[in-house]
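Asks: My structure is below; once you've seen it, I'll send some questions.
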Amino acid sequence: VTFTFVVTNKTAEVFYLNSLVDDKFGNLNGQGSCSVPQTIAGNGTYTCAITKTLGDWTLTAHVNTVTASGQDNEGNSASAQATETVNFIDLLPTISLTKTANPTLIRSTGGYVDYTIKITNTGPETVTVTSLIDNAITLSSECLALVGVQIPISGSVQCVTHVLMVIGAGATFTNTATAIAKDNENNLATASGSAV
């Protein structure tokens, strides 16, 4: 976030800006383009800016107040304050799901296939798996046990389901697994993956 500070001299005589202090960022002298003291001509302005990285997972707004202080030629002091608010929006969770079959070719009389399901957290915060289903096979207890498991940022979990398949000569069997995960604000993310 870039904060821009504009100090305006509202009189016709020179104003000497001696202090520019922010309640969150401290003395602004030497930060960004800010430098004090400054001489501001009558009815003139002084502008400077700083850039700060802000974030808050609780979505509590950031509020900061800057105070400009100084004096005129006769030593009469003056000060003014300004406040700005930065609000945060919640980043939604995202996940990906890959499903692979091994082997991908079986005899027409049938054979065993290992389906591996991998769920990866591709979002900005930890998520919890809330559902894992498959549209055509019964998932193993190992896969069903992933429900309730937390996945850290960039982390992943996986499982294998061992299935006896009989699909007939020349036939192709495709099945799809779908996972749902939620973040700490109960926002949901869904991902699916298929294997042939």
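Asks: Which of the lysines could a cross-linker bridge to residue 52, judged by Cα under 28 Å and excluding same-chain residues fewer than eight apart?
Replies: 24
Asks: With all protein chains present and a 1.4 Å probe, how do 142, 13 order by accessible area, largest first?
Replies: The residues order as 142, 13, largest area first.
Asks: Against the 2.2 N^0.38 Å scaling, with N counting residues, where does the chain land? I'd like the Cα-based Rg ratio to two decimal places.
Replies: Here the answer is 1.87, to two decimals.
Asks: Right, something else. For residue 58 paired with residue 12, estimate the spin-label separation in nm (one decimal), with each label point 7 Å from Cα along the Cα-to-Cβ line.
Replies: 5.2
Asks: Please list, or write none, the aspartates and glutamates whose alpha carbon is within less than 14 Å of the alpha carbon of residue 10, excluding same-chain residues fewer than 8 places away.
Replies: 72
Asks: Could you name the lysines whose alpha carbon sits less than 25 Å from that of residue 118, not counting residues in the same chain fewer than 8 places away?
Replies: Cross-link targets: 99, 182.
Asks: Relative to the present Cα-Cα distance, how much length would full extension add between residue 89 and residue 165 at 0.36 nm per residue of separation?
Replies: 22.6 nm
Asks: Additional query: First compute the accessible area of the chain with a 1.4 Å probe, then give the percent of it belonging to carbon and sulfur atoms.
Replies: Heavy-atom surface of the chain belonging to carbon and sulfur, 1.4 Å probe: 52 percent.
Asks: How much space per residue, in cubic angstrom, does the convex hull of the C-alpha atoms of the stretch 24-98 take up?
Replies: Expressed per residue, the convex hull around the Cα atoms of the stretch 24-98 is 135 Å³.
Asks: For the stretch 82-151, what is the charge dipole size about the Cα centre, in debye to the nearest 20, if Lys and Arg each add +1 at the Cβ and Asp and Glu each add -1 at the Cβ?
Replies: The calculation lands at about 420 debye.
Asks: Which value in deg cm²/dmol, rounded to the nearest 500, describes the helix-derived mean residue ellipticity at 222 nm for the chain, given -39,500 (n - 2.57) per DSSP H run of n ≥ 4 and division by the residue count?
Replies: Mean residue ellipticity at 222 nm (helix-derived): -500 deg cm²/dmol.
Asks: Could you grab the Rg to Rh ratio for the stretch 72-113? Cα atoms only, Kirkwood for Rh.
Replies: Radius of gyration over Kirkwood radius for the stretch 72-113 works out to 1.82.
Asks: How much net charge surrounds residue 148 when only other residues with a Cβ under 14 Å from its Cβ are counted (Lys, Arg +1; Asp, Glu -1)?
Replies: Charge balance near residue 148 sits at 0.
Asks: OK, next. On full extension of the chain, what length is gained from residue 24 through residue 187, given 0.36 nm per residue of separation minus the C-alpha to C-alpha distance?
Replies: 55.6 nm
The values are calculated or read from the model by the stated rules, or taken from the named source; none is laboratory data. Not measured: the values here are computed from a predicted model. When we count neighbours, we look across all protein chains shown, and the Cβ atoms used for this are built from the backbone with ideal geometry, even at glycine. Surface areas here come from the heavy atoms of the whole protein model, side chains and all, with no ligands, DNA or RNA. Shrake-Rupley method; radii C 1.70, N 1.55, O 1.52, S 1.80 Å.
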